[in-house]
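Worksheet for the structure shown next.
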Amino acid sequence: MRRYETTFITTADLSEEELEKVLQKALGPIQSQGQLFQVQDWGKKRLAYTIRKQSRGHYTFLDYAASPSAVKELERLLRLDDSVLRFLTVMVDEEVDVEAVKAGLSQARPGGDSLEEETAAEGFPEEQPAHSEGSPEA
């Protein structure tokens, strides 16, 4: 099995129940043909540009190991869902040791449930201002 990360953006006006339905639909191929490591709910964020007349979206991140056919099915399901604005799947590793990844994740997080939903409270790290050549550094 290979390790993948998928991030998808849904419309911001979805209710919690509708968002849960989209998530469960996306998790179907992963749970049947792979191993789910992590689900992170990144919350609602402003989009860099409008997508289908939407300026905000709800971000969800999945970390999992699965076969390429499971990823293909996941992407097909996300593509068919009208509430999904965008998605991106990245292969992290060609071969994955499921038990080693689970152990690493449980050490990184107290409680270590593989299906634990997390909310990134601080969001993305802020960029430090770049110093120009002529300006003195403090």
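Each value in this text was obtained by applying a stated rule to the coordinates, not by laboratory testing. Predicted model only: the values in this text are computed from it and were never measured. Quick reminder, even Gly has a Cβ in these numbers, built from the backbone with ideal geometry, and neighbours come from all protein chains shown.
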Gain in length, LYS25 to LYS72, computed as 0.36 nm per residue apart minus the alpha-carbon separation, to one decimal in nm? 15.6 nm
For a quick check: sort ARG3, ARG86, ARG76 by the number of other beta carbons within 10 angstrom, fewest at the front. ARG76, ARG86, ARG3
Consider a paramagnetic label point 7 Å from the Cα of ALA108 along Cα→Cβ; state which residues of region 21-35 have an amide N under 19 Å from it. 35
